[in-house]
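**Student:** The structure is given below, and queries will be raised subsequently.
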Amino acid sequence: MKKVVVTGGLGFIGSNLIEYLIGKNYFVINIDKSSYSANPYNLKHFKKKKYSFYKIDIGNKKKLYQILKKYRPIGIFNLAAETHVDRSIDDSKNFIKSNIIGVYNILEVLRKIKKEKKINIKLLHVSTDEVYGDLKSSQNASESFNYNPSSPYSASKASADQLIKAYIRTYGIKSTIVNSCNNYGPNQFPEKFIPKIIFNLLNNKSIPVYGKGNNLREWIYVKDNCEALYKIFKKGKIGENYNVGTGIRLRNIDLVKLILSIAKKNNISLRNKNKILYVKDRPGHDKRYALNSNKIKTKLGWKHKTSLKKGLSHTIEWYLKNKKFFDKISNRDFTKRLGLKI
Ligand SMILES: NC(=O)c1ccc[n+]([C@@H]2O[C@H](COP(=O)([O-])OP(=O)(O)OC[C@H]3O[C@@H](n4cnc5c(N)ncnc54)[C@H](O)[C@@H]3O)[C@@H](O)[C@H]2O)c1
């Protein structure tokens, strides 16, 4: 059985990816430091025979090296990161540590293993569409678009991408970078927009919308993203970036309205406090992200499968059926407004 490492596998995309890879008959080694956005509930269905877990920070070079030496995986999917823009605005220290220095550590360990053991482990690094920055209405960012990050979060992701490119060129590290658009689906920590809307709907709370709700995002159902990550891992070219987008773009306010209408169809009756509440905007809030994803479509034959309505329906159903997901994190403060301390 082929082995792969997934970092950040207790989080949202990582846990969905592990399920996908186990389904493809891989043995998965999950490395996660178990931070606030990790949820042990996300692990519940993994078959122990095909899976092992290490509670480790990717900043721990020694442990990382030992694990890679022990398992000799064919690849690493790096998803370990600090991920919430609002938190990066309040304090970017952990973003620099995990998203830049963490990636530097992985690269250094790969370099050491390559030199000492003569094995060149492939690194699939998961980056974001946010590195391209705020786009004009006429622009869609292709892989050759300049990086122009706006938040400490996107700047930390952009820095890591540049470092990886330097290690590919200088040390011959085998790596490919993926720039995914906004994911949604099961297992997502409810500080993020869509699970927060669902959580608030289920708990008779208002639905906060930043500014006027005009910010536009591109959305992908997480299972489709996992399929794309796997395809890029198998067939993507070393040294290149691949955008993973759907072209499904809408303003935040329209997304909220769509979720409210789908919730009603799923027999979630709205209660008195379930009202849209416009709140103070995030500083530096990017207006528009939009990817040109022609490369992955034409070169790798990948296209998303899930429509927004279908994906949102599945997501709402999942949160309804898995209320224990929220119980595991109920003592954590994800309801407090962050990202206003400037
Ligand atoms: N969610 C999205 O919409 C989206 C879009 C594009 C790219 N991405 C990228 O995908 C990756 C995963 O995002 P997510 O939404 O699943 O995030 P998440 O916050 O749900 O999960 C991140 C996981 O990484 C772990 N982690 C953080 N720092 C670590 C460290 N130093 N060492 C070990 N583990 C650490 C956390 O414990 C957590 O389990 C991130 O790199 C993110 O930048 C996410």
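**Student:** Please state which of the following conditions Arg337 fails to meet, knowing it meets all the rest: (1) surrounded by 13 or more Cβ atoms within 10 Å (Cβ to Cβ); (2) among the basic types (Lys, Arg); (3) touching a residue at least 60 places away in the same chain (Cβ under 8 Å).
**Tutor:** (1)
**Student:** For the subset of region 155-188 comprising residues that are out of contact with any helix residue (DSSP H, G or I) (no Cβ under 6 Å at 6 or more places or on another chain) and either within 9 Å of the ligand (Cβ to nearest atom) or among the acidic types (Asp, Glu) (or both), which member is nearest to Val85 (Cα to Cα)?
**Tutor:** The qualifying residue nearest to Val85 (Cα to Cα) is Asn182.
**Student:** Collect the residues in region 262-296 that are closer than 30 Å to Lys237 by Cβ and surrounded by 14 or more Cβ atoms within 10 Å (Cβ to Cβ), keeping them in residue-number order.
**Tutor:** Asp286, Arg288, Tyr289, Ala290, Leu291, Asn292, Ser293, Lys295, Ile296
**Student:** Filter the helices (runs of 4 or more DSSP H) completely within region 1-94 down to those with at least 1 residues that are of a type in the set (Lys, Arg).
**Tutor:** By residue number, 61-71, 85-90.
**Student:** Given (1) aliphatic (A, V, I, L, M); (2) part of a helix (DSSP H, G or I); (3) within 21 Å of Lys55 (Cα to Cα); (4) within 12 Å of the ligand (Cβ to nearest atom), identify the lone condition not met by Leu110.
**Tutor:** (4)
**Student:** Need at least 3 residues that are within 14 Å of the chain's Cα centre (by Cα) per element, so show me which strands (runs of 3 or more DSSP E) inside region 167-216 make the cut, counting only ones lying wholly within it.
**Tutor:** Hits in region 167-216: 175-180, 182-184.
**Student:** Can you tell me which residues in region 297-342 are within 22 Å of Arg87 (Cβ to Cβ) and among the small types (Gly, Ala, Ser)?
**Tutor:** Within region 297-342, Ser330, Gly339 qualify.
**Student:** Let me ask you something else. For the list (1) touching a residue at least 40 places away in the same chain (Cβ under 8 Å); (2) near the ligand (Cβ under 10 Å from one of its atoms), I need the number of the one condition that Lys97 fails.
**Tutor:** (1)
**Student:** OK, next. Within region 226-240, identify whether any single residue is closer than 24 Å to Lys287 by Cβ, surrounded by 20 or more Cβ atoms within 10 Å (Cβ to Cβ) and in contact (Cβ under 8 Å) with a residue 12 or more places away in the chain, and answer yes or no.
**Tutor:** Within region 226-240 (the criterion being closer than 24 Å to Lys287 by Cβ, surrounded by 20 or more Cβ atoms within 10 Å (Cβ to Cβ) and in contact (Cβ under 8 Å) with a residue 12 or more places away in the chain), the answer is no, since none of the residues qualifies.
**Student:** Let me ask something else about it. I'd like the residue in region 43-56 that is out of contact with any Asp or Glu (no Cβ under 9 Å at 6 or more places or on another chain) and within 20 Å of Ile76 (Cα to Cα) and, out of all such residues, is nearest to the ligand (Cβ to nearest atom).
**Tutor:** Applying the filter and picking the extreme gives Leu43.
Readers should treat all values here as calculations from the given coordinates under stated rules, not as data from a laboratory. Worth saying up front: this structure is predicted, and the values here are computed from it rather than measured. A quick note on method: Cβ atoms are made from the backbone with ideal geometry, for glycine too, and the neighbour counts reach across all protein chains shown.
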